Structure formats: structure tokens, C-alpha cells
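Participant: I have a structure here, written as C-alpha cells, and I will follow up with some questions on it.
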Amino acid sequence: MIAVVLAAGRGTRLPGPVPKPLAPVAGTAAIDRILGALGDDGFADVAVVTGYRGDEVEDHIGAAYPETRFCRQTQPVGTADAVRAARETVGDGPFLLAWADVILAPGSYRRVADAVSGHDGALGVNHLNDRSAGSAVTIEDRLAVSIVEKPMPLPGWNLTGVLALSFGIWAHIDALEPSVRGEYELPEAVDAWIAAGATVAAVAMEGPVFEIGTPAGLAEADAYFAADTRDR
């Protein structure tokens, strides 16, 4: 299964001139931590979707991970559009999708990929007291039954930065209309796929989930990894 990492974001909420995928987390770029974790989980075929300052991001990745393939999102118009940029690279088979601004505990990517067995897809979830900055996932019998992007500020299950998807998702990505934010939102496509009958397993993440797209999230991840003496 190919792994696709969405690393096209600008990171407007983060301080400094560094593109979001290159934001340092305890001295190591966030994208390096994610690519390293994918490798540890057995993903040898990896494609990265770049956008903002894409040449810089690709040069950085290529120096450490020379086998990585790259796709380019030409305009920053949402996560579904970023996934569409990888369509030719992915082909018709299943693929793992990871966000470059979410750092997960070791083994998380493999757990989601393995959960696809017997289903059309799988996604990682974590429980938050406020999901309003993310995507609310309703779960029944360990299956996701709906996903709502940018929901009301209520506690519950939130979509983390990892999904395993199969061929059926493409029709729903192609059918998307821009959201109220003017973007093509992947959670909306996955929600439509589920509504059309796809079964998508929900996998609760074990260990910490760090969303580094905000200064607070980046600082939390930085403190955690700086204090962790294990080889990550």
C-alpha cells in the first residue's frame, strides 16, 4: 500500500519563515518524524504532496528520503484537492493518507492500514473536549457513520491525521463542491462515501496525538519529544 503525505500547507498560524512541514520539533523537522514513522511501520512506497514553497520542502525530503515521490498541489484549495494531486501516483489501489502537521505515536499508521481488512477504508480518531477545529466523527460498532468538518465546540471523537482509503473514494472527491470556506474538504468526501454505503473502520489512536499547526500544538510536541530519550 502506498502512503501519501499531505505537506502542501503554508502554516499561517506558526511563527517564523519555515514552511509548516519543516517546522522543527525538538530539533527534527515534523515531516522527517512522519516519514520516519511511516518507514518504521513498513511503508516503503511514499509520495508527498507539496504546495507552498514546494521546492524547498522537496529538497529537504529528497536529501534524507531519496526514494520519495512528489506531487504538487498548484493552489491551496483544500485537502481533497491535495489528495487529487496524487491521483495518478496512487493509481486504482488502496492508499494510506497522512497529514504532515499531525504527529502520531509509533505504530499508528500500520494499525489504520491493517484495519481496512474487511472494509472499504479506515480512519484514526482521538477523543477531544473541543472538536471545533477538526472533524467530528460519529462511531457505531467501531465504524464511522458520519463526519462533520469544523463542528460545534463539543467533546467527542475527532478525525486524526491518518486514513486508509480505496478506489471508491475518488468518485466522491470528484463530486465535491467548495465548502463555505471555499475549499474542497476531504472529510466531506469521506462522509459522502460512507452515506453511499462504504464501511470505514474507526481506529482509536493509542498514545499522544500532536497537531502542530498552531503555536500551542507545536510547543506541546516540542516539549514531549525534547523530554523523550527514546530513539524516535
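The values are calculated or read from the model by the stated rules, or taken from the named source; none is laboratory data. This is a predicted model, so every value here is computed, not measured. Heads up, the Cβs are rebuilt from the backbone with ideal geometry, glycines too, and the neighbour counts pull from every protein chain shown.
Participant: Which one of these does MET152 not meet: (1) under 20 Å from GLY168 (Cβ atoms); (2) in a loop (DSSP other than H, G, I, E, B)?
Facilitator: Here MET152 clears every test but (1).
Participant: Quick check on this structure: which one of ALA202, ALA189, ALA226 is among the hydrophobic types (A, V, I, L, M, F, W, C), in contact with a Gly (Cβ under 9 Å, 6 or more places away or on another chain) and more than 30 Å from GLY16 (Cα to Cα)?
Facilitator: Details: ALA189 fails: in contact with a Gly (Cβ under 9 Å, 6 or more places away or on another chain); ALA226 fails: more than 30 Å from GLY16 (Cα to Cα).
Among ALA202, ALA189, ALA226, only ALA202 is among the hydrophobic types (A, V, I, L, M, F, W, C), in contact with a Gly (Cβ under 9 Å, 6 or more places away or on another chain) and more than 30 Å from GLY16 (Cα to Cα).
Participant: Let me ask something additional. Only one of these conditions is not met by LEU176: (1) part of a loop (DSSP other than H, G, I, E, B); (2) crowded, with 19+ Cβ neighbours inside 10 Å; (3) modelled with pLDDT of 95 or more. Which number is it?
Facilitator: (2)
Participant: Taking segment 181-232 on its own, how many of its residues are part of a loop (DSSP other than H, G, I, E, B), aliphatic (A, V, I, L, M) and either closer than 22 Å to ALA80 by Cβ or at pLDDT below 95 (or both)? Spell out how you get there, then give the answer.
Facilitator: Filtering segment 181-232 for residues part of a loop (DSSP other than H, G, I, E, B) gives 181-185, 196-199, 205-208, 212-214, 228-232.
Narrowing the set further to residues that are aliphatic (A, V, I, L, M) leaves 196, 198, 205, 212.
Imposing the further condition that a residue be either closer than 22 Å to ALA80 by Cβ or at pLDDT below 95 (or both) reduces the set to 196, 198, 212.
Of the residues in segment 181-232, 3 are part of a loop (DSSP other than H, G, I, E, B), aliphatic (A, V, I, L, M) and either closer than 22 Å to ALA80 by Cβ or at pLDDT below 95 (or both).
Participant: So which residues in segment 14-43 are over 24 Å from ASP120 (Cβ atoms), assigned to a loop (DSSP other than H, G, I, E, B) and either hydrophobic (A, V, I, L, M, F, W, C) or in contact with a Gly (Cβ under 6 Å, 6 or more places away or on another chain) (or both), if there are any at all? Walk me through it before giving the result.
Facilitator: Restricting attention to segment 14-43, the residues satisfying the condition of being over 24 Å from ASP120 (Cβ atoms) are 14-37, 39-40.
Applying the additional criterion that residues be assigned to a loop (DSSP other than H, G, I, E, B) yields 14-19, 23, 26-27.
Passing the criteria: LEU14, VAL18, ALA23, ALA26.
Participant: Oh, and also: Could you tell me whether ILE147 is within 22 Å of LYS20 (Cβ to Cβ), touching a residue at least 24 places away in the same chain (Cβ under 8 Å), touching a Pro at 6+ places or on another chain (Cβ under 9 Å) and not polar (S, T, N, Q)? Break it down into steps so the answer makes sense when it comes.
Facilitator: Values: within 22 Å of LYS20 (Cβ to Cβ): no; touching a residue at least 24 places away in the same chain (Cβ under 8 Å): yes; touching a Pro at 6+ places or on another chain (Cβ under 9 Å): yes; not polar (S, T, N, Q): yes.
In short, no.
Participant: Would you say GLY156 is on the phi > 0 side of the Ramachandran plot, in contact (Cβ under 8 Å) with a residue 24 or more places away in the chain and not hydrophobic (A, V, I, L, M, F, W, C)?
Facilitator: Details: on the phi > 0 side of the Ramachandran plot: yes; in contact (Cβ under 8 Å) with a residue 24 or more places away in the chain: yes; not hydrophobic (A, V, I, L, M, F, W, C): yes.
So GLY156 fits the description; yes.
Participant: On the given criteria, is VAL125 β-branched (Val, Ile, Thr), at negative phi and outside any loop (DSSP other than H, G, I, E, B)? Working first, answer last.
Facilitator: Working: β-branched (Val, Ile, Thr): yes; at negative phi: yes; outside any loop (DSSP other than H, G, I, E, B): yes.
In short, yes.
Participant: In segment 64-96, which residues are within 13 Å of TRP170 (Cβ to Cβ), surrounded by fewer than 14 Cβ atoms within 10 Å (Cβ to Cβ) and not charged (D, E, K, R)?
Facilitator: Those that are within 13 Å of TRP170 (Cβ to Cβ), surrounded by fewer than 14 Cβ atoms within 10 Å (Cβ to Cβ) and not charged (D, E, K, R): GLY91, GLY93.
Participant: With the requirement that a residue be surrounded by 15 or more Cβ atoms within 10 Å (Cβ to Cβ), out of contact with any helix residue (DSSP H, G or I) (no Cβ under 6 Å at 6 or more places or on another chain) and either among the small types (Gly, Ala, Ser) or modelled with pLDDT of 95 or more (or both), what does segment 115-136 give you? First the steps, then the outcome.
Facilitator: Let us first name the residues in segment 115-136 that are surrounded by 15 or more Cβ atoms within 10 Å (Cβ to Cβ), namely 115-116, 119-126, 128, 131, 134-136.
Still in the running and out of contact with any helix residue (DSSP H, G or I) (no Cβ under 6 Å at 6 or more places or on another chain): 115-116, 119-121, 123, 125-126, 128, 131, 134, 136.
Residues satisfying the conditions are ALA115, VAL116, HIS119, ASP120, GLY121, LEU123, VAL125, ASN126, GLY134, ALA136.
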